1. Could you list 57, 97 so that the one with the fewest beta carbons within 10 Å of its beta carbon is first and the one with the most is last?
2. So, counting K/R as plus one and D/E as minus one, what does the shell of residues with Cβ under 12 Å around residue 103 add up to?
3. Kindly flag which residue pairs out of 82/126; 55/136; 82/142 have an alpha-carbon separation exceeding 23 Å in this structure.
4. Of all trypsin sites (Lys or Arg not before Pro) in segment 87-147, which ones are in loop regions per DSSP and have a Cβ with at most 13 other Cβ atoms within 10 Å?
5. What's the exposure ranking of 20, 84, 44, going from fewest to most Cβ atoms within 10 Å?
6. Among 145, 123, which comes first, then next, by fewest other beta-carbon atoms within 10 Å?
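Just so it is clear, none of the values below were taken in a lab; they were calculated from the coordinates. All values reported here derive from a predicted model rather than from experimental measurement. Because the Cβ atoms are built from the backbone with ideal geometry, glycine has one as well, and the counts that use them run over all protein chains shown.
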Amino acid sequence: MGRLPPGQTLQAALVHEAYMRLSCGSEQRWDNRGHFFASAAEAMRRILIEQARRKASLRRAGERNQVPLDEIEIESLEPDDKLMEVDAVLQELEEKSALQGQIVKLRFFAGLKHEEVGALLGISEKTVRRHWNFAKVWLYQKIAIKKVR
């Protein structure tokens, strides 16, 4: 989301939707700040993935309507595709290492800094950086392998 042009309302809508999911529906109690941020990051992840899947299903829709060329909005579909790839590979990483998966979610989806992640998870910043660097390389390699196939 940091790569979006300024003025996008997606960030506000995402935070609002995540808040609604976290606060409505059930009496959720968080053990600590780390638990809350992990829940918020997971909620944001799911919202973004649902949106990407919804857009992908619209692209595959069978009904086609003629639209005048000057009314067509050109948008890049690439970010949604990349997000779904990252989500699939992130699920693999979580199965391999729950801690690294948690760090990636807090850094990637919640946008927290190394120090903040360390404080929330009760580990040192150096440990967060080490796991983050390993996870980035691992995710990159897995995504690259999927593209080759």
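1. 57, 97
2. +3
3. Pairs exceeding the cut-off: 82/126; 55/136.
4. Sparse-neighbourhood loop trypsin sites (Lys or Arg not before Pro): 113.
5. Fewest-to-most ranking of 20, 84, 44: 20, 84, 44.
6. Ranked by crowding around the Cβ, least crowded first: 145, 123.
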